[in-house]
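Down below is the structure, laid out as structure tokens.
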Ligand code: F6P
């Protein structure tokens, strides 16, 4: 493994005094139990809490002391987190491997703010695009935008993958309560034709509008699905002219969009300073705006913006994204936790864990530092999760009694969007109960005192000391969703800054794409192809070809 050559001023991360201090501190506190920490300090529950942008973060049920937070903040300072934040917000090219600025924060900057990229203020362009999106949305929602045969649009089908799908799907599901129910939103991402077949089932082409969402307009899955959609429209309605009424595109690639046959006037642009997994609040969110309308979309942007301002200006000890990012470092790098669970207690957030998987793992799944040196510490953990309470009846067993340490983020809202009987109190009681059970567990004495026979006591006791964050907000509104997403975006940024990695590239997706391109003709050719893969891949391809033709 190549190692970075460090000068005396920049020792490798694991050699910095701040890192070493945390290692020593970890040795001292890792045996502490949350039972003791809470017993020793009756105010702990309020002391280890912070709030911003309508979110209350209770991080008291973490295996930390006041000193832990101080040391983590010292690490953040030693890694120049404050300067890195400023570099991002001011448009410096912090995505070094692609030589790009990272400015998703400009997507929600207020009109009048100036953010320069290569000397050009990008904020007016952002607002011009938002205005175009709003105009288009009003035409579709109001029925003025008509299909080729003159019928109004009833079905919106977003075709995209990765950041061009997960954000739109997640936001659509999350904000469904605010959506105009007369439009029927569907999403196609997978190159598996089943996705297309099922998403378009029951849709009349005359009433269907496709949004082809692809930053590059080169992605295999999206272009394949878009061509299938094009064929479907042409087959049903004939005439190329139908395309212009049934397709719009969101992309940076005007040539690709034109070559596909989509009218330039129906293309919504993006910028190279906005990465796919950070783009749900750009034109990639056109489906979101169509669903919830421009006003709610702007409220969501306001939520993003509020969290941006908080991240940029709040002292680290009260800074929600910084605290969450540092706690993630604490478990990942000092307790050697390999995964982290995200557990929203809100059915509308059912796709939030999937969305976070791309945000966190495509950003921080890196093995080299900004200057290309191999890291000698773990980077991004595996994120996973499901909404509560469903997960409780599935995988929580392992979190409670398994052998691994899995830090969890619980997310809940105080007011239900669909008040019905006791449902909401039952839901939230479960959230609170889970964090309590995970932290405090149940001792052998408690188990025996309940009359459990001694032989069964090991199975029935809970060690506890399982760390959790709880994020609580009043209500799941568009604004709250914007703040929540920005909170995780900036927590990811905080972690990437400490690990000194490029959180904004994704070279790791390339090899599989290239090998797939090479394999496609081998599967499709009529002649038996000469296969030059390894013996396993060769055998799999031969078997596939054999079975496919039977
Ligand atoms: O292959 C990964 C990726 O490049 C993601 O980063 C991106 O969100 C997704 O593919 C889709 O890319 P595009 O919007 O260019 O189609």
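The values are calculated or read from the model by the stated rules, or taken from the named source; none is laboratory data. Keep in mind the model is a prediction, meaning the values are calculated, not measured. Ideal geometry is used to build each Cβ from the backbone, glycine not excepted, and the neighbour counts take in all protein chains shown.
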When you look at residue 321, is it in a helix (DSSP H, G or I), within 18 Å of the chain's Cα centre (by Cα) and within 20 Å of residue 80 (Cβ to Cβ), yes or no? yes
Please tell me if residue 243 is in a helix (DSSP H, G or I), in contact with a strand residue (DSSP E or B) (Cβ under 8 Å, 6 or more places away or on another chain) and either closer than 15 Å to residue 148 by Cα or modelled with pLDDT under 95 (or both). no
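Just name the residue that is nearest to the ligand (Cβ to nearest atom) out of those in the stretch 192-216 that are in a strand (DSSP E or B) and in contact (Cβ under 8 Å) with a residue 60 or more places away in the chain. Even if it seems obvious, please write down each step before you answer.
As a first pass, look at the stretch 192-216 and keep what is in a strand (DSSP E or B): 208-213.
Imposing the further condition that a residue be in contact (Cβ under 8 Å) with a residue 60 or more places away in the chain reduces the set to 208-209, 211, 213.
Details: 208: 21, 209: 19, 211: 12, 213: 7 Å.
Of everything passing the filter in the stretch 192-216, 213 is nearest to the ligand (Cβ to nearest atom).
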Within the stretch 423-437, is even one residue in a loop (DSSP other than H, G, I, E, B) and on the phi < 0 side of the Ramachandran plot? no
When the stretch 366-396 is checked residue by residue, the ones that are in contact with a strand residue (DSSP E or B) (Cβ under 9 Å, 6 or more places away or on another chain) and either free of Cβ contacts under 8 Å to residues at least 12 places away in the same chain or in a loop (DSSP other than H, G, I, E, B) (or both) are 367, 375, 381, 385, 386, 387, 388, 395
Residues being surrounded by 18 or more Cβ atoms within 10 Å (Cβ to Cβ) and not in a loop (DSSP other than H, G, I, E, B): count how many of those fall in the stretch 72-88. 8
Going through (1) surrounded by 18 or more Cβ atoms within 10 Å (Cβ to Cβ); (2) more than 24 Å from residue 63 (Cα to Cα) one by one, residue 499 fails only at (2)
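Residue by residue through the stretch 136-162, note down the ones that are in a loop (DSSP other than H, G, I, E, B) and within 16 Å of the ligand (Cβ to nearest atom). So that I can check it myself, show each step before the final result.
We begin by selecting, within the stretch 136-162, every residue in a loop (DSSP other than H, G, I, E, B); these are 142-145, 147-151, 153-154, 160-161.
Of everything in the stretch 136-162, those that are in a loop (DSSP other than H, G, I, E, B) and within 16 Å of the ligand (Cβ to nearest atom) turn out to be 160, 161.
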Across the stretch 55-71, what is the number of residues that are part of a loop (DSSP other than H, G, I, E, B) and either on the phi > 0 side of the Ramachandran plot or free of Cβ contacts under 8 Å to residues at least 40 places away in the same chain (or both)? 2
Would you check which residues across the stretch 268-300 are in a helix (DSSP H, G or I) and either within 16 Å of the ligand (Cβ to nearest atom) or within 20 Å of residue 255 (Cβ to Cβ) (or both) and list them? 276, 277, 278, 283, 284, 285, 286, 287, 288
Scan the stretch 105-116 for residues that are outside any loop (DSSP other than H, G, I, E, B) and surrounded by fewer than 19 Cβ atoms within 10 Å (Cβ to Cβ) and report the count. 1
Would the stretch 35-47 turn up any residue that is farther than 19 Å from residue 466 by Cα, in contact (Cβ under 8 Å) with a residue 60 or more places away in the chain and surrounded by 14 or more Cβ atoms within 10 Å (Cβ to Cβ)? no
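Among 281, 336, which is surrounded by fewer than 23 Cβ atoms within 10 Å (Cβ to Cβ) and either within 16 Å of the chain's Cα centre (by Cα) or more than 18 Å from residue 104 (Cβ to Cβ) (or both)?
On the way: 281 fails: surrounded by fewer than 23 Cβ atoms within 10 Å (Cβ to Cβ).
Answer to the selection: 336.
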If you check 243, 233, 188, which single one turns out to be surrounded by 18 or more Cβ atoms within 10 Å (Cβ to Cβ) and within 16 Å of the ligand (Cβ to nearest atom)? 188
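Would you point out which residue out of 219, 228, 252, 224 is closer than 16 Å to residue 133 by Cα and either free of Cβ contacts under 8 Å to residues at least 40 places away in the same chain or within 16 Å of the ligand (Cβ to nearest atom) (or both)?
On the way: 219 fails: closer than 16 Å to residue 133 by Cα; 228 fails: closer than 16 Å to residue 133 by Cα; 224 fails: closer than 16 Å to residue 133 by Cα.
After applying the criteria, what remains is 252.
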In this structure, is residue 541 surrounded by 12 or more Cβ atoms within 10 Å (Cβ to Cβ) and away from the ligand (no atom under 16 Å from the Cβ)? yes
Contact list, first residue from the stretch 98-126 and at pLDDT 95 or above, second anywhere and part of a strand (DSSP E or B), beta-carbon distance below 7 Å, six or more apart or interchain, is 101/117; 102/95; 103/117; 114/121; 115/121
Identify, from the list 399, 411, 406, the residue that is part of a helix (DSSP H, G or I), in contact with a strand residue (DSSP E or B) (Cβ under 7 Å, 6 or more places away or on another chain) and either in contact (Cβ under 8 Å) with a residue 40 or more places away in the chain or farther than 25 Å from residue 484 by Cβ (or both). 399
Do we have residue 359 as more than 29 Å from residue 459 (Cβ to Cβ), modelled with pLDDT of 95 or more and under 16 Å from the mean Cα position of the chain (by Cα) here? yes
Please indicate, with yes or no, whether at least one residue in the stretch 163-184 is part of a loop (DSSP other than H, G, I, E, B), near the ligand (Cβ under 10 Å from one of its atoms) and crowded, with 22+ Cβ neighbours inside 10 Å. yes
